[in-house]
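The values are calculated or read from the model by the stated rules, or taken from the named source; none is laboratory data. For clarity, every value in this text was computed on a predicted model and none was experimentally measured. Here the Cβ positions follow ideal geometry from the backbone for every residue, glycine too, while neighbour counts run over all protein chains shown. When the accessible area is computed, the model is the full protein with side chains, heavy atoms only, and any ligands, DNA or RNA have been set aside. Shrake-Rupley method; radii C 1.70, N 1.55, O 1.52, S 1.80 Å.
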Amino acid sequence: MAFFKFEGQEISYTEFGGGPAAVAKGGVRGRTAASAPASGRALILLHGLLLSQEMHRPLAEELAARGNRVITLDLLGHGQSERPRDMWRYSMANYGEQVLALMDHLQIEQAVVMGTSLGANVALEVAARSPERLRGLVIEMPVLDNGLLWSALTFTPLLVSLTFGEPLMKLLARGTRAVPRRLLPHYGNVILDLFRQEPGPGGALLQGLFFGRIAPPRSERRTFTTPTLVLGHPRDPVHPFSDAGMLAKEMPNARLLEAQSLLELRLQPERLTGEIAAFIDELWAGKKASTRPAKRRAAKRTPAKRAG
């Protein structure tokens, strides 16, 4: 795990080297260690709201094993990144800038960006701000027009608890941190990490996002020409399939892929991972990814810093 600075705050990320990994007997592909030589096929994975980059670790390992240089990121207020209590620091626009700052830090000129839920909307912000930095997009569970009401109904009680019930939530965080990570499966820890974090910054984060722009408007999305794979899930009111279908129709170079359920990519990932990997192969086919250093975008970014 490493860090870079964005507007004075430390942002955490992890790199998974691009394989390809050896295929073992029976056709099973091995994992690619983070120290493996990385290819030029950069892929950035963005997590969901109040989750961390750990939610994408299995997918990152698998896609790295298929020859991609995969980077997972903790957006500000999540995971191992700093968690300020300043509500104004949290916005979709700011998160989009953090992705671009990561690319600048790693000298990546172009990347494929894949986001889930919150991460999906952040990926759309990157498309709005700097489409030339994108080779393609993979948008899973976007929160758009049809999901706003259910999102408010789902997260408002959590916002109230984190903001006005902070003392009780601190006790809950202390109790869940006492549960040994080794006792739970990977996704069990990903979910429990929701409750292990200090509540105050989480409340500020939700306030900042709720009272700002959730996604680029429809008129803007229709201008996005970046090749895009949109993943939609049935029976998910917060991320309704209608939003995924609408987005795929709006963007001229987008296509829709239907998941069998909200959990398919996590618990039975073979089909969807194969579709995502094939789409990424298409994006890079016929043209070698540029290895030229990316031009620094803005003076406000402080010099990069790495940490072990």
>> If you average the C-alpha positions of region 107-147 and of region 197-224 separately, how far apart do those two centres end up, in angstrom?
In response: 14
> When you count, for each residue, the other Cβ atoms within 10 Å and take the mean per peptide, how do 69-75, 258-264, 231-237 rank with the highest first?
Replying inline: 69-75, 231-237, 258-264
> What is the Cα coordinate range of the chain on the first, second and third principal axes, sorted by size from largest, in whole angstrom?
Replying inline: 55, 45, 45
>> Could you work out what % of the accessible surface of region 39-126 is carbon and sulfur, using a 1.4 angstrom probe and leaving DNA, RNA and ligands out of the count?
In response: 45
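Going by accessible area, probe 1.4 Å, with all protein chains left in place, what is the ranking of GLU125, GLU7, largest first?
Sorted by accessible area, descending: GLU7, GLU125.
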>> Could you check the spin-label model distance between GLN260 and ARG181? Points 7 Å from the Cα along Cα→Cβ, value in nm.
In response: 3.1
>> Can you give me the solvent accessible area of THR223 with a 1.4 Å probe, rounded to the nearest 10 Å²?
In response: 90
> Per Stokes-Einstein, at 4 °C and 1.567 mPa s, what whole-number D in µm² s⁻¹ belongs to region 181-242, with the Kirkwood radius over Cα pairs as the hydrodynamic radius?
Replying inline: 83
> Which shape class applies to region 40-139: rounded if a/c is under 1.5, otherwise prolate when a/b exceeds b/c and oblate if not, where a ≥ b ≥ c are the square roots of the Cα gyration tensor eigenvalues?
Replying inline: oblate
> In debye to the nearest 20, how big a dipole does the chain give about its Cα centre with +1 on each Lys and Arg Cβ and -1 on each Asp and Glu Cβ?
Replying inline: 780
> Of GLN107, LEU158, THR14, which is farthest on the positive side of the dipole of the chain, counting Cα position, with +1 on Lys and Arg Cβ, -1 on Asp and Glu Cβ, and the Cα centre as origin?
Replying inline: GLN107
>> Just to confirm, what accessible area per residue do you get for the chain at 1.4 Å probe, in whole Å²?
In response: 45
> Once phi is turned into θ = phi - 60°, what whole-Hz ³J(HN,Hα) does the Karplus curve with 6.51, -1.76 and 1.60 give for every residue of region 265-277, x standing for Gly and Pro?
Replying inline: 5, 8, 9, 9, x, 4, 5, 5, 4, x, 5, 5, 4
